[in-house]
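Reading through the structure tokens given below for one structure.
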């Protein structure tokens, strides 16, 4: 019996030691592994890499390209990517990731700085500055080449607007203009939701980015001060944004709190509320047509005739007059790649003009390359593409720090407390400021009265 | 129950197949039976109702998350999900689930036997210690397991993934098995021992047949658990061609969460079928086994 | 029976064979326990170790984690969200497993005993159908059932009642019901198997003696099934503790944090906020919760095990 016990204990210890200690395996330099997300109808990256695989292998004799499509939702994709990178043997040479992760992945020493390579790449001059900045980490080095972006603004239903006596060519100049239109719709067209601004934890990041930050970045404040490198809370802008949400929900200009807090609300907006004409104005993203085009999850051929687009105005119309936030993807090179030159060649090939255009079209991405933007083929097929591309000139990126997901979670909780009436906008702001101080550390936060 | 059972119940463990026709036809029995059928019908209905959306969405050409009777019912969703890749994924699921369910039985039965019959003092604390751990969601141990698989060079291997799935199900399986085994009286094996049969033979020929209902519970339990497992194959298998249906189902979702609900519903029905069929088959076999064991005992 | 049968069986065996027997007794356990030790216990020990570090999935501490002592645990116990998660988890387990699935499964098993084969097959298939439904699908099925324009509200409306935003108004009850729906089949199977061991003639004899159905259940069937009850309670408790996908799809842990059970909180900490160390500490607490439940069951049935 005792021997048995000893045996079990030995096995356990060995297993624990084995699983805890570092890595030993090595990947060879003759294979370049590229990992990317493939999710449902979102197969742009898969199509791109399948397309360029034979080209790459022909251009680099003796080097094989191994595709690792990861079929899962975003969180699961990053979980798997993070796990793969934890050991040298499985870390991909090139990976597809949200611009948002560049900073923390660089800090984790997962990524290779690309500055010297980029400066020698003639195409790099075609990329717009905002997108270039999105690949730059806090240390000033650039770790990725952006694969396009997305922008945000207002979608509105022209048919409902006609019934409400609002212009088909709607151009709100301030938050007040947006509220006025919503009130007019509420009065004249019963049975529709006048205005949807995402809020609350149910829809997750949509509440932070399409919702709260689209408001905040239209005020005099931002969430993060790049000069002082501090988070900004509390601020006048936060309180005003909370007040705006409070107005929408207390005047019943928006969805009911029940609807807004439903974890599937953003799916429902895209799949049901907009196509079924139940929602008049929607503060949302450039990608919505993805599910309306033929073959999409909820095909809606008439979408481009029914819906109009207009920029989200700044609070009082102050310059530049409109707001957009951006996310988007980039290609990064693994820090431990055995063949950095081949990995970099793959990035160059994947993001040259022809292949960028291919990916933008397949993945409903907004162009960040000047030469693609001016290419007539780019604007074909999607009537709103020009509008969303024009928003790139004003667009801003989220503060891409490792603590952001937690702060974002608190933003969502704060907006939720406002729309459910659990907290006044002032209380929600001060609560939020307290949470941010706790998460980021008191010395990393500044107020802006 | 083992220690408290009276001689009367001990004898009675072999149910004599004496049909009691007299009382079965008595009016009181009959009204009780009618009431039981009524309640069963209600329960079945209550369990069936939530499926409503699934069936409606699967035959709808414009399915949403709302429940609506489709204007133009169609089987298009089904024909669309019946792709080669999906069938392949289902076969992968079958390999993983059958493999780990069978392996679980093969490993759990011999382990449970000594625990049930003699090594109680020594085995029990270990078993219980392991049992607590099965309350952990698999997400809790993903990181070390991945590291372990990298170390042992087992990534992307279906047999190794099966082994891991088996390991996570084993504590529960051994525990269930041991407890079902405790219900089987030892006197029958003692007779076999006297005849010179080994413990292994006694287990195989006498104990397991007598606890067949329990064995099938363990089997179905392990099978169903593996069948629905997403994270383990997702993390441990790399090649998309090796992924099972629980991972393949994600193809019906979109980047921002939107799903093709019609296809999702059709695929879900397709996906659940094998387990329902398995259960029905097991029930059949079980029915025969009851008759069989009755014959052996009688 | 074991206690009665074993001594005289042993007495018959000689000393020489005893050593061989002892080996034979231990050997069959080894393969199973070795596999468990390697793939299950090892990772859990890593979890325990990680819970004392600040290891992360990304960011600076992903590659160079530090030992931080009990900081994760201290943070946890100061965190009101954790306390709430803990109680929600306990309520969810009590409501959906200990009460819902357990009692429901027992009732179904009793009702189905000695019913016609067809009735058993049909009801069994429906109930088991709910069980084998992948968790992800079960989540969507229940979301659609309880949503504002879902089946339940449509039915209530049909009989002249007012519907509700169930997932908003009573989120914990909603996920509890969904988990009962999903898990009752297992208890039913366990109890059906156990019932087949309850001797019919004993019940017949009691019936002839005039014992009511309830009395027969209370004094004959249930005492004979005590062990099955404990086995079942233990199993479904541990299974329910780990429920993640079902709740995640139905409510995402919300509204607010009203259904944020420990597995959801842990997933969020480890894979949404990338704090693997804190996630590991939560896992260890979850392990302890499972331990507490198990010990309670074992105490209740002490003389049985």
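Of note:
- Residue in region B:235-251 that is nearest to the chain's Cα centre (by Cα), counting only those that are in a helix (DSSP H, G or I) and away from chain C (no Cβ under 12 Å): B:242
Residues are listed down the side, and each one gets a yes or a no for (1) out of contact with any strand residue (DSSP E or B) (no Cβ under 7 Å at 6 or more places or on another chain); (2) in contact (Cβ under 8 Å) with a residue 60 or more places away in the chain; (3) assigned by TED's automatic domain parsing to the domain that holds residue A:355:
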| site | (1), (2), (3) |
| --- | --- |
| A:136 | no, no, yes |
| A:140 | yes, no, yes |
| A:158 | no, yes, no |
| A:163 | yes, no, no |
| A:174 | no, yes, no |
| A:183 | yes, yes, no |
| A:187 | yes, no, no |
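- Hits in region C:136-160 (condition: within 12 Å of residue C:181 (Cβ to Cβ) and facing another protein chain (nearest Cβ under 7 Å)): C:141, C:142, C:145
- Set C:262, C:238: member being over 27 Å from residue C:166 (Cβ atoms) and under 19 Å from the mean Cα position of the chain (by Cα): C:238
- The condition (being in contact with a helix residue (DSSP H, G or I) (Cβ under 8 Å, 6 or more places away or on another chain), at the interface with another protein chain (Cβ under 7 Å from one of its Cβ atoms) and surrounded by fewer than 24 Cβ atoms within 10 Å (Cβ to Cβ)) is satisfied by just one residue among B:103, B:127, B:163, B:136: B:163.
- Filter result (more than 9 Å from every other protein chain (Cβ to nearest Cβ) and closer than 29 Å to residue C:298 by Cβ) within region B:196-205: B:202
- Selection within region A:169-202 - in contact with a helix residue (DSSP H, G or I) (Cβ under 6 Å, 6 or more places away or on another chain) and modelled with pLDDT under 95: A:200, A:201, A:202
- When C:195, C:173 are screened for being within 23 Å of residue B:50 (Cβ to Cβ) and more than 8 Å from chain B (Cβ to nearest Cβ), only C:173 passes.
- Unique match (being at pLDDT below 85 and more than 11 Å from chain C (Cβ to nearest Cβ)) among A:17, A:6, A:35: A:6
- Residue A:216 surrounded by 19 or more Cβ atoms within 10 Å (Cβ to Cβ), touching a strand residue (DSSP E or B) at 6+ places or on another chain (Cβ under 7 Å) and on the phi < 0 side of the Ramachandran plot: no
- Taking the criterion of being buried (at least 24 other Cβ atoms within 10 Å of the Cβ), more than 14 Å from the chain's Cα centre (by Cα) and either not in a strand (DSSP E or B) or not assigned by TED's automatic domain parsing to the domain that holds residue A:47 (or both), the residues of region A:93-105 that qualify are A:93, A:104, A:105.
- Residue in region C:229-236 that is under 26 Å from residue C:46 (Cβ atoms) and either crowded, with 22+ Cβ neighbours inside 10 Å or at pLDDT 85 or above (or both) present: yes
- Residue within region A:148-160 that is within 24 Å of residue A:227 (Cβ to Cβ), under 26 Å from the mean Cα position of the chain (by Cα) and not in a strand (DSSP E or B) present: no
- Every pair of residues 6+ apart whose Cβ atoms lie under 6 Å, when the first sits in region B:84-111 and is in contact (Cβ under 8 Å) with a residue 60 or more places away in the chain while the second is outside any helix (DSSP H, G or I) and buried (at least 24 other Cβ atoms within 10 Å of the Cβ): B:89/B:244; B:92/B:244; B:93/B:244; B:96/B:244
- In region C:63-77, residue nearest to residue A:334 (Cα to Cα) [restricted to those that are without any contact (Cβ under 8 Å) to a residue 12 or more places away in the chain and in contact with a helix residue (DSSP H, G or I) (Cβ under 9 Å, 6 or more places away or on another chain)]: C:63
- If you go through region A:245-263 and pick out every residue that is buried (at least 24 other Cβ atoms within 10 Å of the Cβ) and over 11 Å from residue A:194 (Cα atoms), you end up with 4.
- Total residues in region B:166-195, condition facing another protein chain (nearest Cβ under 7 Å), buried (at least 18 other Cβ atoms within 10 Å of the Cβ) and over 22 Å from the mean Cα position of the chain (by Cα): 2
- Where strands (runs of 3 or more DSSP E) sit wholly within region A:269-384, those with at least 2 residues that are within 23 Å of residue A:59 (Cβ to Cβ) occupy A:329-333.
Residue-wise test of (1) more than 28 Å from the chain's Cα centre (by Cα); (2) not assigned by TED's automatic domain parsing to the domain that holds residue B:278.
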site: B:27; (1), (2): yes, yes
site: B:50; (1), (2): no, yes
site: B:63; (1), (2): yes, yes
site: B:87; (1), (2): no, no
site: B:91; (1), (2): no, no
site: B:97; (1), (2): no, no
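- Long-range neighbours under 7 Å by Cβ, at least six apart or interchain, first residue more than 7 Å from every other protein chain (Cβ to nearest Cβ) within region C:31-48, second modelled with pLDDT of 90 or more and in a helix (DSSP H, G or I): C:48/C:284
- Unmet criterion (only one of (1) surrounded by fewer than 16 Cβ atoms within 10 Å (Cβ to Cβ); (2) within 29 Å of residue C:268 (Cα to Cα); (3) modelled with pLDDT of 95 or more) for residue A:229: (3)
- Residue A:401 satisfies every condition listed in (1) touching a strand residue (DSSP E or B) at 6+ places or on another chain (Cβ under 9 Å); (2) within 17 Å of residue A:329 (Cβ to Cβ) except (2).
- Residue list for region A:170-182, filter: part of a helix (DSSP H, G or I) and buried (at least 16 other Cβ atoms within 10 Å of the Cβ): A:175, A:178, A:179, A:181, A:182
- With respect to the conditions (1) assigned to a helix (DSSP H, G or I); (2) farther than 25 Å from residue A:390 by Cβ, residue A:200 falls short on a single one, namely (1).
- Any hit, region C:157-173, residues being on the phi > 0 side of the Ramachandran plot and surrounded by fewer than 19 Cβ atoms within 10 Å (Cβ to Cβ): yes
- For residue B:274, the criteria (1) without any contact (Cβ under 8 Å) to a residue 12 or more places away in the chain; (2) more than 7 Å from every other protein chain (Cβ to nearest Cβ) hold in every case but one, which is (1).
The values are calculated or read from the model by the stated rules, or taken from the named source; none is laboratory data. If you're wondering where the values come from, they're calculated on a predicted model, not measured in any experiment. Counting neighbours? That spans all protein chains shown, and the Cβs are built from the backbone with ideal geometry, glycine included.
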